[in-house]
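Down below is the structure, laid out as structure tokens.
Read-outs: derived from the displayed coordinates by stated rules, not from any lab. As the structure is a computational prediction, the values presented were derived from the model and not from experiment. Cβ placement follows ideal geometry from the backbone for every residue including glycine, while neighbour counts extend to all protein chains displayed.
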Amino acid sequence: MAEGASEGLVLLDFWVSPFGQRCRIALAEKGVEYEYREENLRDKSPLLLKSNPVHKKIPVLIDHGKPVCESLNIVQYIDEKWPDRAPLLPADPYARAEARFWADLVEKKVCIPPPPPRMYESGTKLWKLKGEAQEEATKEFIEMLKLLEGELGDKKYFGGEMFGLVDIALIPFTAWFYSYEACAKLSTEKEVPKLVAWGKRCRERESVSKSLPDPLKVYEFVCFLKKVYGIE
Amino acid sequence: MDQPSSLKLLGSWADSHTHRVQLALKLKSLEFDYQEEDVVNISPALLLHNPVYKKVPVLLHKGRPVVESVVILQYIDETWTGNPLMPADPFERAVARFWCHFAEDKLAPAVGAVFSSSGEGQKAAVDQVHQNLKLLECEIRDGAFEGRRFFGGDKIGMLDIVLGCGSYWLSVFEEVMEVKLVDPESFPAFHAWLRDFEEQNEVKETIPAIDKLLEYARGVRQMMLTLSSSTITSVPATAAAAATTTGNDDVAVDAIDGSSG
């Protein structure tokens, strides 16, 4: 494929999905053009169903008719397809292993039985639950953020100077912090100030600021979902 | 070249995640020291090298730990590039990663659920396994892996290792639980692949003898029934540990594969 050529790149996505946003950020980092297609998740397109028959979920990146599914898989594919610019994984195998480990942790969170809640689901609990259950969920969520903050330390990004896979895996969820804070008694600024600062640094990158939704719009969406689920 | 003692694997004999790493090291002709870990009384070494999950396997290379089996496999593949486990083409690599994740995230927990359930719950779990195997079967027959002897082509690759080390539990559970999981008539392509995989010398050297695995599974099942837990979480730590964990605290899932690694 010719360098920079992006004809035939389609991203099936949903505007508020943090998983879709990971792909958008990666594509933007590489400066690759693509066609964005918004899916109606209540009425999934034949193309989506054909491209991801196993999970029937967005995001799906279709590269000249060949579908790649699952967001972190897509991000790695993008990195390998355009290796000549903006590497998203370091060159050193050990550093790559560390990046994969932490990206995987973001995916599955510190294991709490059962079933192992994911970061997205962990956060989802914050607005879906009430009372003691919500308090417990809030505690778990903070613990997970603190673990990640510990790994970040005083580095600019999770990979050091290089913005990469772990940053991309995590940053879309920061657009949901406002919503979590509004629904549960939570202040990310207080609990994980370094992580919040990291979030701000990431959003200074055009790839991120272009790809992440306005936290207020996310909150509107959460409120809409709460109505749908009948949660006050 | 590295000295043989530069590689050390902390593992557990009945743990499929450990087997994955052992197999990969064998395929790369890498010598390594092996340390059997007690998962009940977690060693200081395990706590030190895997503070987040406190589980096996842990690969130490020149003293530096790598954890989570799929991460370890990729590390091995990228550090020792002979006999590659992953394909070169980015799209092929994405396909391999996708199905590795499927094996971890969908198939393994479904198989684990068969082991840990009974009655109606077990029927549902068996159905789930069949559904997942059907998806794989289609992919082998006329999807991405059509015409291949192994997922990696003519030779075993990453996906063969991830799927293969753990698939032996299918026949073990079939016998212990008296259920039909991978009927060769319903899943001929999967069956053929598994048979070829298990015939490989390196695989034979890695996977424990079937009667040992049967004995082990029977033991865990007996313990679970004795405790007559209705949910997995009520199984106490000893039983969970005995199942040797690399995944979450689900005993049965741990016995074959966790949702991690």
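Mean residue ellipticity at 222 nm from the helices of chain B, using -39,500 (n - 2.57) per DSSP H segment of n ≥ 4 over the full residue count, to the nearest 500 deg cm²/dmol? Helix-only estimate at 222 nm: -17000 deg cm²/dmol. Counting every pair of alpha carbons in chain B, the share spaced more than 28 Å apart comes to 31 percent.
Peptide A:55-67 is shielded by partner chain Cβ atoms: per residue, an average of 1 of them sit within 10 Å of its Cβ. Percent of alpha carbon pairs in chain A separated by more than 32 Å? Within chain A, distances greater than 32 Å cover 18 percent of Cα pairs. The C-alpha atoms of the stretch B:1-145 occupy a region whose extents along the principal axes are 50, 42, 23 Å, arranged from largest to smallest.
Per-residue mean of foreign Cβ neighbours for A:95-103 is 5 (Cβ atoms of other chains, 10 Å radius). Against the empirical 2.2 N^0.38 Å (N residues), the stretch A:9-81 has a Cα radius of gyration ratio of 0.98.
A viscosity of 1.306 mPa s and a temperature of 10 °C, combined with the Kirkwood radius over C-alpha pairs in the Stokes-Einstein formula, give the stretch A:93-229 a diffusion coefficient of 103 µm²/s. Counting only other chain Cβ atoms within 10 Å of each residue's Cβ, the peptide B:103-109 averages 2.
The alpha-carbon atoms of the stretch B:14-92 define a convex hull whose volume equals 107 cubic angstrom per residue.
One compactness figure for the protein assembly as shown is 0.96, namely its Cα radius of gyration divided by 2.2 N^0.38 Å. DSSP assigns beta bridges within the protein assembly as shown; of those with both partners inside it, close to 70 percent run antiparallel.
Take every DSSP beta bridge whose two residues both sit in chain A, then give the antiparallel share in percent to the nearest 5. Antiparallel bridges: around 70 percent, rounded to the nearest 5.
Secondary structure note: in chain B, about 70% of the DSSP beta bridges are antiparallel.
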